[in-house]
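The values are calculated or read from the model by the stated rules, or taken from the named source; none is laboratory data. A quick note: this is a predicted structure, and the numbers were derived from the prediction, not measured. Cβ atoms come from the backbone with ideal geometry, glycine included; neighbour counts cover every protein chain shown.
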Amino acid sequence: MELEQGRFEGFPAGALATAIPNLFFTAVLPRISDPAELVVSLYFFFAHGRKKGQPRFLTYAELTADDILAAALDSLGEDAVRRGLNAAVERGTLLRLDAEPAGQEGQAQELYLLNTAAGRREAAAIEAGEQDMGQILAPPPEPHEPKPNIFELYEQNIGPLTPMVAEYLKDAEKEYPADWFEPAFQRAVEQNKRSWSYIAAILRRWEAEGPDYEKAGRDLERPRGKRSLSGRYRHLVRH
């Protein structure tokens, strides 16, 4: 997941909020020295609040596959998730236990819960075997590589960025869904049309007609009646 760069424009009216106990700020925060522990702890409150059902926990696999957490920890080293979790458990912010669904030997998953009264009750119930973890634990998500952003896609498939092209790409990032970019570049490569004008035309057509990732590619520069492109990229398309 690529986060848009630049200045944050502020929180809108009515934005949802995450509840964090005041004790975290008075008793825990002043003792944290590793930024990885701080990021993991704060993000855990957010992710925990979004979980549904009981018991409420997050698995290590879920946390390591989370794109937002990965982006937040990107500059803190490859072991930042593990380091942050270990520190939060040692400090007492989080509880950790291993759970193995009945009949699934060797399939234990690492669970994390908030060290609250409810979290402690849930952890005790899991450890006592009072929870059917086979009905609760989902298969761990497959690890995945982050998708390249539009600038990386351009450099990988077209060539070096110029300041002018970079501006076009910034505009496109704001105008089109992020998951359109990789298939659009792929379509251009398949058609041997390695230019931003061709990719811009693909994006404009998908905006008007919907994406067609599964359909065979077609040459966008071939005349198609009197229909023409409009908008900010019109001047980029060769006729």
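With a requirement of 3 or more residues that are without any contact (Cβ under 8 Å) to a residue 12 or more places away in the chain and surrounded by fewer than 16 Cβ atoms within 10 Å (Cβ to Cβ), the helices (runs of 4 or more DSSP H) lying completely within the stretch 42-129 that satisfy it span 117-127. Checking each residue in the stretch 20-58 for being small (Gly, Ala, Ser) and over 24 Å from GLU110 (Cα atoms) picks out ALA27, SER33. Here LYS170 qualifies as of a type in the set (Lys, Arg) and modelled with pLDDT of 90 or more. Of all residues being in a helix (DSSP H, G or I) and small (Gly, Ala, Ser) in the stretch 149-179, which is nearest to ASP212 (Cα to Cα)? Just the residue, please. Selected residue: ALA178. Filtering the stretch 7-18 for residues that are on the phi > 0 side of the Ramachandran plot, modelled with pLDDT under 90 and not acidic (Asp, Glu) leaves a non-empty set. Taking the numbered list (1) hydrophobic (A, V, I, L, M, F, W, C); (2) touching a residue at least 24 places away in the same chain (Cβ under 8 Å); (3) under 30 Å from LYS170 (Cα atoms) in turn, ALA17 passes all entries but (2).
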